[in-house]
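The values are calculated or read from the model by the stated rules, or taken from the named source; none is laboratory data. Quick caveat: nothing in here was measured; it's all calculated off a predicted structure. Note that each Cβ is placed from the backbone with ideal geometry, even for glycine, and that neighbours are counted across all protein chains shown.
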């Protein structure tokens, strides 16, 4: 990891030096930016989260001990700076009349809880931009995470699990027709992966030989943005069964989203709705389950677990920021009855909602912000004989208080 950090630092220094040497010919250049972010947060109960509680997804279910005490009703706090990041935007000569650019961004969020403070790659891509067409090749946000219409919460979860949250290696094509963009992308998985027999892994998508596919239509003006799209994903959870028999059975799933943004001077409204099957790799509730099992060969057939979510955010930003985020997600259940084996994220959650107001003071490059995040979830058990619907739900609530200091450069 230290070698990676040294290499990255040397690369940035080299590119900066290269920029100063050839600045006059306008062919090469790099601009550095990023921010330092310090977060202090308190949680009222144990949560399902990433990186020592930093990225909170949902509260843990009620678990009673012999004294009828909920052992997950335990508060905690943490102070972290691991979201701090650096970004380099690179420009260069044209490629067959296309404007060329590149981007490298990293942060100290690590790749797992065991790697907290570790440097990791967020984005790295090459972009070729013609007047009416562009190609992006590299790692960037999944198209389901719409960068022009995403929550601006202080919390790093950015609205997850109500908002799709995933970065993927991808090949993305954009057709630009006046104010309409048509986006088509093919993606693999890296840091955000599907669940399966071996836990969360990219191997199930790789084994399928079919990338994650997405098509989206987006209409954009200065003060308005509208869009909708859909995706297709095919996983092969096993290539060899527990009986040592080869298998090529897949689980195929679909997803869709629609969104809009309205800007009224200093006031901005964003809304989005998402429906999807097997959304675990988007940091949302969902996944799939085993619907049948052949005791002779060990071959499994699968069924999707679907969810429906919506969120809105209203914000006022000037020298201060006043905003509120509201999200809701519902577990719809599976397409078929199941055997009781589930490969999901939060598959036993019936529904979840969040209300999250925030306030910030902004001056120059500095922002001091506070946010209250109230997240409630009804958690029960899956009824395998009724298409995996959650029954006997018990509502639990986590209240997170967050204070952040952010310095942009």
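Quick rundown of the values:
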quantity	calculated
Single residue of 393, 347, 380 found to be part of a loop (DSSP other than H, G, I, E, B), modelled with pLDDT of 95 or more and under 19 Å from residue 62 (Cα atoms)	347
Single unsatisfied condition, residue 389 versus (1) farther than 25 Å from residue 311 by Cα; (2) over 23 Å from the mean Cα position of the chain (by Cα)	(1)
Which numbered condition residue 53 misses (of (1) at pLDDT below 95; (2) within 26 Å of residue 349 (Cβ to Cβ); (3) surrounded by fewer than 16 Cβ atoms within 10 Å (Cβ to Cβ))	(3)
From the options 268, 242, residue that is out of contact with any helix residue (DSSP H, G or I) (no Cβ under 6 Å at 6 or more places or on another chain), more than 20 Å from residue 193 (Cβ to Cβ) and assigned to a loop (DSSP other than H, G, I, E, B)	242
Matching residues, segment 39-48, being assigned to a strand (DSSP E or B) and either closer than 21 Å to residue 58 by Cβ or within 21 Å of the chain's Cα centre (by Cα) (or both)	39, 41, 42, 43, 47, 48
Test result for residue 232, farther than 27 Å from residue 303 by Cα, surrounded by fewer than 21 Cβ atoms within 10 Å (Cβ to Cβ) and out of contact with any helix residue (DSSP H, G or I) (no Cβ under 7 Å at 6 or more places or on another chain)	no
Top-ranked residue of segment 368-381 - restricted to ones that are surrounded by 17 or more Cβ atoms within 10 Å (Cβ to Cβ) and free of Cβ contacts under 8 Å to residues at least 60 places away in the same chain, ranked as nearest to residue 334 (Cα to Cα)	380
Residue in segment 357-367 that is outside any loop (DSSP other than H, G, I, E, B) and in contact (Cβ under 8 Å) with a residue 60 or more places away in the chain present	yes
Test: residue 263 is at pLDDT 95 or above and either crowded, with 18+ Cβ neighbours inside 10 Å or assigned to a loop (DSSP other than H, G, I, E, B) (or both)	no
